[in-house]
Amino acid sequence: MNRREAIQRTAMVLGYAVAGPAMVGVLNGCKAKPELPFKPAFLTADQAQLVVALSDVIMPKTDTPGAVEAGVPQFIDDMFQTVYTQADKDRIAKGMAAFDEESKSAYGDLFASVKKEEQIALVKKHHEALAGKAGDSSAGWWRASGGGDKPFIVEMKELILLGFFTSQPGATQVLQYNQAPGPYQGCVPLTQVGKTWAT
């Protein structure tokens, strides 16, 4: 029996004498957070969980590795640590906090802790809102105006795609890959070449 089951059985024996909100708080405290696939250098644990969850929603594993398997969350953590200015770090931290707050408001928990279908629904909601803005010439859409910060979801998607398609799995298993220079073959049978080499 785990801790959650023990608390639930105790509550039943006591005739649910424990107050509802207190019980919800205790049971939520029993939830184990998913293990991080890397040790963050810049992100907090909650921010890293958000990046992992977003990476998995935007570029999931299929018959090829997904963003998480390709090490994209670690790439993003490194980008924030070594490339972003302090102003950009502050801005992205606010975006993460707002995204998690929206998830809490809609689904009752941080983005990384809600069900996969709820994560997908929240990301789709943002994409649909952005598509509406992009189609409205009077909305002052950020790309058209050339100013203002990118929406959080756009910036994260760009980072996830950049990290994935510059990773070894993304570059070699998803994109067309032509190694340059090609592999060295010191002796190739003439039947494979088809002609003699020019001298």
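The values are calculated or read from the model by the stated rules, or taken from the named source; none is laboratory data. Not measured: the values here are computed from a predicted model. No Cβ is skipped: glycine too gets one built from the backbone with ideal geometry, and neighbour counts run over all protein chains shown.
Annotations for the structure displayed:
- Residue list for region 98-151, restricted to those being modelled with pLDDT of 75 or more and acidic (D, E): D100, E101, E102, D109, E117, E118, E128
- Reported count of residues in region 44-58, each being more than 21 Å from L175 (Cα to Cα) and assigned to a helix (DSSP H, G or I), is 10.
- Failed condition for D56, given (1) modelled with pLDDT of 95 or more; (2) touching an Asp or Glu at 6+ places or on another chain (Cβ under 8 Å): (2)
- Only one of the numbered conditions (1) farther than 17 Å from Q49 by Cβ; (2) touching a Ser or Thr at 6+ places or on another chain (Cβ under 6 Å); (3) not small (G, A, S) is violated by V72, and that is (1).
- Contacts under 9 angstrom Cβ, first residue in region 98-112 being under 16 Å from A48 (Cβ atoms), partner hydroxyl-bearing (S, T, Y) and surrounded by 15 or more Cβ atoms within 10 Å (Cβ to Cβ), 6 or more apart: S103/S113; L110/S103; F111/S103; A112/S103
- Qualifying residue in region 91-99 (condition: over 17 Å from A45 (Cα atoms), loosely packed, with under 12 Cβ neighbours inside 10 Å and of a type in the set (G, A, S)): no
- Just one of (1) surrounded by 16 or more Cβ atoms within 10 Å (Cβ to Cβ); (2) of a type outside the set (S, T, N, Q); (3) at pLDDT below 55 fails for V18. It is (1).
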